[in-house]
Amino acid sequence: MIAADITALPAGDSPGLVLVPATPAERIASIKLNSIAWKGPLDVETYIARENHLFQQRLTRDGLTCWILVDRTEPEGERTIYSSCESYRKKALLAYDGKVEDVGTHGVGSVYCRPEFRGKGYAKRMLEELSCKLDTWQMEKESRGRSLFSVLFSDIGRSFYAQFGWRPFLSSHMSLLPNFKDGEPDGVACDSEARDLFAEDVQSRLCNDQVLTKLRERMRVASQQSPGAKIAILPDFDHYVWHWAREEFYAQKLFSQRDPPVIKGAGNDKARVYCAWTRNFGETPEDNVLYILRWVYDDPTSPEQEQTTIHAMAAILRRAQLQARDWNMSKVEFWNPSPLLQKAVALLDPVAQVVHREKSSISSLRWTGAEQGLGKDVEWLLNEKYTWC
Ligand SMILES: CC(C)(COP(=O)(O)OP(=O)(O)OC[C@H]1O[C@@H](n2cnc3c(N)ncnc32)[C@H](O)[C@@H]1OP(=O)(O)O)[C@@H](O)C(=O)NCCC(=O)NCCS
């Protein structure tokens, strides 16, 4: 299955090729193949264990499909894997013309072609077939019986996935180094209202019914104020648990002598500002990043409230910096920062800039809503790190 005769490879557009869901053994074979690209500091067996651990999480256990491009005449279990990827079914919200709907969607990830097979059109063939299949794949229970969009995060720039319909969206971030001076008299570190959040706090503060109701209302209003559909991946607790399963797996393998990382975010109950984060353990210390997964706060309605929110955000970010320092992370990073968040960052680091990514983690969305009478334009709300898989 893994070894292949590279002198007799089919063309990428050969009618003999077909995209199919992998069998469990083929899924492991495809993970082994892509391990050279993505195992990072883990050995291959531990990398496979990581993938299996993530597969068992609530977010992915019923909706993850490993897809492989194979020759339709080869028998299951003996098929050469020409290219592979994964899709993850997710819950999402769609707002259009003042109405909000629960819809199904897919995230796409782990797009891979082994080095000796590259440049022959296999990934192209796979993504062309995938884009058609995802429209109805696992959508039987959805009221529309189909998905209207899918998302992915490109690490190979803006153009590759665009040729198959995944259009690049805003992909910016800000980051803060964890190297502030202790006891700095900036009025931020001494904010006693900010506190650590544990997993159960994230669930009760960031994932409660009120937060989701507000999100639906915000999307409904937005869909009346400007033309075009608005979508968001539902920021449910399962997303956070998936990211933490990943960080805890690494922490256990790499820092077995330490207690697990239980501080999952920070918040200020009085100002009602919260964020949740996860720690990414990469191949080098520079790749160790504390990512803020999502922010939750109310839009301020007065200048005083705005100042309160900005200060609460800054104090929360300071807590994130402390956690980053504690876990030897190179920085704290957050995606697509709002203007309010940018003002909070300025309190901590006046020279910090918004970075627009051109190569990695390019948020990309393929929209098929126009075929469903929902127009050709779509706006992606809550385009934050929690959506990444
Ligand atoms: C990216 C990858 C899947 C491409 O696989 P592939 O089978 O060689 O790609 P294809 O031969 O189907 O290429 C299709 C087209 O995309 C272009 N293309 C291929 N890789 C590209 C890249 N990294 N960036 C931009 N364009 C690329 C090809 O030139 C080709 O264009 P053409 O149709 O005009 O000739 C493969 O290089 C890979 O596995 N890389 C390592 C893992 C990775 O980075 N995956 C993506 C994670 S987001």
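Any read-out appearing in this document is the output of simple, stated calculations on the displayed coordinates, not a laboratory observation. The structure displayed is predicted, hence computed values, not measured ones. Positions of Cβ are backbone-derived with ideal geometry, glycine not excepted, and every protein chain shown enters the neighbour counts.
Key figures for this structure:
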read-out: Approximate spin-label separation residue 326-residue 226, in nm, with each point projected 7 Å along Cα-to-Cβ; value: 3.8 nm
read-out: The range 172-356: Rg to Rh, with Rh as the Kirkwood radius over Cα pairs; value: 0.97
read-out: Sequence ranges 308-316, 139-147, 291-299, 85-93, ranked by mean other-Cβ count within 10 angstrom, highest first; value: 308-316, 85-93, 291-299, 139-147
read-out: Two-site FRET efficiency, residue 259 against residue 216, from Cβ-Cβ distance with R₀ of 35 Å, rounded to 0.05; value: 0.40
read-out: Average projected area [Cα convex hull, the range 295-336], square nanometres; value: 3.4 nm²
read-out: Label point distance in nm, residue 78-residue 156, each placed 7 Å from Cα along Cα→Cβ; value: 3.0 nm
read-out: Dimensions (Å) - the chain, Cα atoms, principal axes, largest first; value: 69, 53, 34
read-out: Rounded Å value of the spacing that divides the Cα centres of the range 227-267 and the range 41-101; value: 18 Å
read-out: Beta bridges per DSSP with both ends in the range 172-356, % antiparallel, nearest 5; value: 85 percent
read-out: Charge dipole magnitude, Cβ of K and R +1, D and E -1 - the chain, Cα centre, debye nearest 20; value: 440 debye
read-out: Summed side-chain charge close to residue 25 - residues other than residue 25 whose Cβ falls under 12 Å, Lys, Arg +1, Asp, Glu -1; value: 0
read-out: Phi to ³J(HN,Hα) by Karplus 6.51 cos²θ - 1.76 cosθ + 1.60 over the range 228-237, Hz, x for Gly, Pro; value: x, 6, 10, 10, 8, 6, 4, x, 7, 4
read-out: Close Lys-Lys pairs in the range 87-185, where close means Cα under 29 Å and separation is 8 or more or interchain; value: 13
read-out: Most positive-pole-ward Cα, 121, 65, 340, against dipole of the chain from beta carbon charges; value: 121
